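The values are calculated or read from the model by the stated rules, or taken from the named source; none is laboratory data. These figures come from a predicted structure and were not determined experimentally. All Cβ positions, even for glycine, are placed from backbone atoms using ideal geometry, and neighbour counts span all protein chains on display. The accessibility values were calculated without ligands, DNA or RNA, using every heavy atom of the protein model including side chains. Shrake-Rupley method; radii C 1.70, N 1.55, O 1.52, S 1.80 Å.
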Amino acid sequence: MATGAKKAVYPLFQLGGPQLRIFRPNFFMLAVRPGVPQPEDTVQFRVSMEMTKVDIKNYLEKIYNVPVAAVRTRIQYGANNKRNHKNQRVKKPDYKVAYVQLGQGQTFQFPNLFPEKEQDTETRSFDDFKNKYMEREKERQKGDPRRGGVPDWFGL
């Protein structure tokens, strides 16, 4: 331990006195686009493993002022099918998924961050040309039906 380093000493908290420290939650919540369709009032989050249902509800209501009707959680186990260069199994970490049902009349919809752009005639004509070329190539590379599925390189 360095001799010049001082340890911070905080005064005890006294009721009515100024509080010198601000406590913020050491949690994260990541809104995730669900893989299967969900009701419009349900939002899926990937949360810290230490968070409970009450923590999730308080986090959303106190910090973001979002009315929460119900919280359901599950633990998603990480995949265990990879191997590293020493042929040892490598497991992805587990994570907790929370399904938050919003309050009465509240809905959530993910924003469309990458909307489809209108294609101009030049790119459309290029796409048409590319599609025609690919169809011609497939037709040209199609094998002889009389060979019964045997490739061309396998012959006399």
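Some observations on this one:
- Check on residue 110, in a loop (DSSP other than H, G, I, E, B) and more than 36 Å from the chain's Cα centre (by Cα): no
- For residue 92, the criteria (1) more than 30 Å from residue 42 (Cβ to Cβ); (2) in a loop (DSSP other than H, G, I, E, B) hold in every case but one, which is (1).
- Count - residues of the stretch 58-92 that are modelled with pLDDT under 95, surrounded by 13 or more Cβ atoms within 10 Å (Cβ to Cβ) and polar (S, T, N, Q): 1
- Within the stretch 25-51, tally of residues that are at pLDDT below 90 and touching a helix residue (DSSP H, G or I) at 6+ places or on another chain (Cβ under 9 Å): 2
- A Cβ distance below 8 Å, combined with a sequence gap of six or more or placement on separate chains, defines the contacts here; from the stretch 69-94, residues that are touching a residue at least 24 places away in the same chain (Cβ under 8 Å) reach residues that are of a type outside the set (Ser, Thr, Tyr) and open to solvent by 100 Å² or more (accessible area, probe 1.4 Å) in the pairs 69/104; 71/53; 72/53; 73/53.
- Close contacts from the stretch 44-67, counting a first residue that is under 10 Å from residue 100 (Cβ atoms) and a second that is in a helix (DSSP H, G or I) and of a type in the set (A, V, I, L, M, F, W, C), with Cβ to Cβ under 7 Å and a gap of 6+ residues or different chains, come to 47/56; 66/60.
- Test: residue 97 is surrounded by 10 or more Cβ atoms within 10 Å (Cβ to Cβ), among the aliphatic types (A, V, I, L, M) and assigned to a loop (DSSP other than H, G, I, E, B): no
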